[in-house]
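Asker: Sending over a structure as structure tokens; questions will come in a sec.
All of the numbers you see were taken from the coordinates with simple rules; none came from a lab. All of these numbers come straight from a predicted model, not from anything done at the bench. Cβ: placed from backbone, ideal geometry, glycine included. Neighbour counts: every protein chain shown.
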Amino acid sequence: MSRTSEFVCSACGARLSKWQGKCPECGSWNTITEVQIAPKQEPMKDSRGINRFAGFAGAEASGVVSLNTVALTEMPRIHSGFSELDRVLGGGIVPGAVVLIGGNPGAGKSTLLLQMVSYLSQMMRVLYVTGEESLQQVALRANRLGVRTDNIRIASETSVERIITLAEAEKPAVLIIDSIQVMHMEGISSAPGSVSQVREGAAAFTQYAKRANVSTFMVGHVTKEGSLAGPKILEHCVDCSLLLEGDSDSRFRTMRCQKNRFGAVNEIGVFAMVEHGMREVSNPSAIFLNRTSVESPGSVVMVVWEGSRPLLVELQALVDTTQYGNPRRLTLGTEANRLAMLLAVLHRHGGVSMGDQDVFVNVVGGVKVEETSADLPLVAALVSSYRSKPIPRDMIIFGEIGLSGEIRPVNSGSERIIEAQKHGFKQAIVPKDNAPRKVISGMQIFPVTSITEALELL
């Protein structure tokens, strides 16, 4: 039988009949590639005659039922061996859930999973499938980490069909796939890592996980922009998508949840890469608040809300007279467009012009701040550096700034203030609507409604 071809967008997974420069679905340019379609084959069946790749909920589904008849019992959670990982997962590993873990090379994805497998293997059957390394390489890493390996079942395989056959024979409770980009399926002529191979391979593993109730972890690569490589449908078909971030020159790693069907999104877990592998950090605020004893202009502490807990982070700003014709704007850890907007608001409603100044912003510890509560601390740090006037070390600031210069409230304001009080802070500049109704002992609260009021307190 002859093979046919189709054109698939690597960004969104859209299928087209002919090549185009721009994808009509997502609007991305130069993302459409040609893939070969294999002729339709008979589905693989087990000894009972049931299609092994049929249906996400299994081939023995009971059809249509009334929603009120579905049991509401809480799904049991499995402790992974890391409290920080359990936090990001929403309380632990859910049986039958499919988790995708992405990250830059050297971030510690394989190391973290090997430590987790070593812990879980003492209580249940675990199968670790590696397609990027040999068995000896994995054994050497396990020996370097000092983990127990007596109960770890491991295989080196890249064929999706072969892996599912091995898993059906082993009957593990947890399955590790490292990584999804090197796996390939028979009948698809494209190379491993292509759009069609990644899409079909992930779908096959997901179907097996749901049918056999096996918790599956898949390792995924990331692009140079930091997003998960492969088609977007890869993130859609999994239950939980995690991203392990961290620079190679830093020992700390942050794991952020981007999607979770069994818990909250934007949850963050902090790990430290040490000689014997990954170690969880129970108090991340202590890391990000490693400040010098000398007060310096442009340094401020803000309280950001990550998932279900507050996190104290130091924000630094440097404002200096430009030495070139065009002033520079550089941000690390915050959005550059947000900085440009705040500079315009500061000029229009705060009376401070930095049009001829270079502006540099950095979030200490490599944390990426995406919420708007960092607006007021950022403006305060800029003004502090511009005026060469340090902000008191025992002061925290948070709040959102509108285009008219008003200070808007943020969520969980009281919890942020209480967290700062636990770390020894005694002053707080907060939006008026976030001012606590009850007096917090040892904390002096300064509620503000506009950017002008906030600048008067600095």
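Asker: Mind running the shape call on region 190-229? Use the C-alpha gyration tensor, a ≥ b ≥ c as the square roots of the eigenvalues: rounded below 1.5 for a/c, prolate if a/b tops b/c, oblate otherwise. Before the final figure, lay out each step's value.
Answerer: Working: a/c = 3.70, a/b = 1.62, b/c = 2.28.
Taking the square roots of the gyration eigenvalues as a ≥ b ≥ c, region 190-229 is oblate.
Asker: Okay, helix-only estimate at 222 nm for the chain: each DSSP H run of n ≥ 4 adds -39500 (n - 2.57), divide by all residues, round to 500 deg cm²/dmol; what do you get?
Answerer: On the way: 11 runs with 114 residues, N = 458.
Computed mean residue ellipticity for the chain: -7500 deg cm²/dmol.
Asker: Only counting other Cβ atoms within 10 Å, I'd like MET255, MET75 sorted with the fewest neighbours first.
Answerer: Details: MET255 28, MET75 11.
So the ranking, lowest neighbour count to highest, is MET75, MET255.
Asker: Order these by the 10 Å Cβ neighbour count, fewest first: LYS232, LYS109.
Answerer: Details: LYS232 17, LYS109 25.
Ascending Cβ contact count within 10 Å gives the list LYS232, LYS109.
Asker: While we're looking at this one, here's another question. Counting DSSP beta bridges with both partners in the chain, what percentage is antiparallel, nearest 5? Please report the intermediate quantities before stating the final value.
Answerer: Values: 45 of 82 bridges.
Antiparallel bridges: around 55 percent, rounded to the nearest 5.
Asker: Just to confirm the number: angle between the C-alpha axis of helix 160-170 and the first principal axis of the chain, 0 to 90 degrees, nearest 10?
Answerer: The two axes meet at around 80 degrees.
Asker: Take the cross-link list LYS109/LYS368; LYS389/LYS426; LYS22/LYS232; LYS109/LYS171; LYS18/LYS259; LYS232/LYS259 and give me the ones stretching past 21 Å between alpha-carbons.
Answerer: On the way: LYS109/LYS368 19 Å; LYS389/LYS426 19 Å; LYS22/LYS232 16 Å; LYS109/LYS171 24 Å; LYS18/LYS259 33 Å; LYS232/LYS259 13 Å.
Check vs 21 Å cut-off fails for LYS109/LYS171; LYS18/LYS259.
Asker: Provide the percentage of antiparallel DSSP beta bridges, counting only those with both residues in region 52-204; round to the nearest 5. Before the final figure, lay out the partial values.
Answerer: Numbers: 1 of 11 bridges.
Taking every DSSP beta bridge with both residues in region 52-204, the antiparallel ones total about 10 percent.
Asker: Turning to a different aspect of this structure: If I model a spin label at ARG387 and LYS18 as a point 7 Å from the Cα along the Cα→Cβ vector, what separation in nanometres do I get?
Answerer: Label-label distance for ARG387 and LYS18, simple model: 6.5 nm.
Asker: Then there's this: From Cα pairs below 8 angstrom and at least 6 apart in sequence, can you work out the relative contact order of the chain, rounded to a whole percent?
Answerer: On the way: 945 pairs, mean separation 55.9, N = 458.
Reported relative contact order: 12 percent.
Asker: Follow-up question, since we're still on this one. Which label belongs to the value computed from this structure, given these candidates for mean projected area of the Cα convex hull in nm²: [x] 66.2; [y] 23.9; [z] 28.0?
Answerer: Computing mean projected area of the Cα convex hull in nm² and matching it to [x] 66.2; [y] 23.9; [z] 28.0 gives [z].
Asker: Using Cα centres only, tell me the gap between region 114-175 and region 325-397 in whole Å.
Answerer: Centre-to-centre distance over Cα atoms comes out at 48 Å.
Asker: Using the C-alpha atoms of region 287-457, what convex hull volume per residue, in cubic angstrom, is computed? All intermediate terms of the calculation are to be shown ahead of the outcome.
Answerer: Working: hull volume 18.3 nm³, N = 171.
So the per-residue hull volume is 107 Å³.
Asker: Between MET75 and SER250, what length in nm is gained on full extension when 0.36 nm per residue of separation is reduced by their alpha carbon distance? Before the final figure, lay out the partial values.
Answerer: Working: separation 175, 0.36 × 175 = 63.00 nm, distance 3.68 nm.
Full-extension gain reported as 59.3 nm.
Asker: Kindly state, to the nearest 0.05, the FRET efficiency for VAL281 paired with THR158, given R0 = 30 Å and r defined as their beta-carbon distance.
Answerer: 0.30
Asker: To check you understand DSSP bridge types, tell me what percent of the beta bridges within region 287-457 (both residues inside) are antiparallel, rounded to 5.
Answerer: Values: 18 of 31 bridges.
Around 60 percent antiparallel, to the nearest 5.
Asker: Multiplying the sequence separation of GLN421 and GLU168 by 0.36 nm and subtracting their Cα-Cα distance, what value in nm do you get? Walk me through the intermediate numbers first.
Answerer: On the way: separation 253, 0.36 × 253 = 91.08 nm, distance 5.34 nm.
Extending this stretch completely gives an extra 85.7 nm.
Asker: Taking the mean number of other Cβ atoms within 10 Å as a proxy for protection, how do you rank 216-222, 119-125, 439-445 from highest to lowest?
Answerer: 216-222, 119-125, 439-445
Asker: Using Cα-Cα distances under 8 Å and only pairs 6 or more residues apart, what relative contact order does region 77-282 have, in percent?
Answerer: Details: 437 pairs, mean separation 60.5, N = 206.
In percent, rounded to a whole number, it is 29.
Asker: If packing is taken as the average number of other Cβ atoms within 10 Å across a peptide's residues, how do 275-283, 204-212 rank, most packed first?
Answerer: Details: 275-283: 14.7, 204-212: 21.0.
For the peptides 275-283, 204-212, the packing ranking is 204-212, 275-283.
Asker: A follow-up question, please. For CYS237 paired with ARG148, estimate the spin-label separation in nm (one decimal), with each label point 7 Å from Cα along the Cα-to-Cβ line.
Answerer: The answer from the label model is 3.5 nm.
Asker: By how many degrees, 0 to 90 and rounded to 10, does the Cα axis of helix 413-422 deviate from the longest principal axis of the chain?
Answerer: Tilt relative to the chain: about 80 degrees.
Asker: How about the chain: what cysteines have no other cysteine beta carbon under 4.7 Å from their own?
Answerer: CYS237, CYS240, CYS257
Asker: Further, regarding this structure: Under 5 Å between amide H atoms, partner at least 5 residues away or on a different chain: which partners does VAL214 have, H built in plane at 1.01 Å?
Answerer: GLY96
Asker: Could you tell me the calculated FRET efficiency between GLU335 and ASP356, based on Cβ-Cβ distance and R0 = 30 angstrom, to the nearest 0.05?
Answerer: Working: r = 23 Å, r/R0 = 0.77.
Given R0 = 30 Å and the Cβ-Cβ separation, E is 0.85.
Asker: Further, regarding this structure: Note down the relative contact order for region 409-458 as a percent, whole number, built from C-alpha pairs under 8 angstrom at least six residues apart. Walk me through the intermediate numbers first.
Answerer: On the way: 48 pairs, mean separation 18.0, N = 50.
Taking the mean separation of contacting Cα pairs over the length of region 409-458, I get 36 percent.
Asker: Listed highest first by mean packing, meaning other Cβ atoms within 10 Å per residue, what order do 359-369, 25-35 come in? Each step should come with its number before you reach the end.
Answerer: On the way: 359-369: 19.7, 25-35: 14.4.
Packing proxy ranking, top to bottom: 359-369, 25-35.
Asker: So how much slack lies between PHE446 and ASP394, counting 0.36 nm per residue of separation and subtracting their Cα-Cα distance, in nm?
Answerer: Working: separation 52, 0.36 × 52 = 18.72 nm, distance 1.33 nm.
Full-extension gain reported as 17.4 nm.
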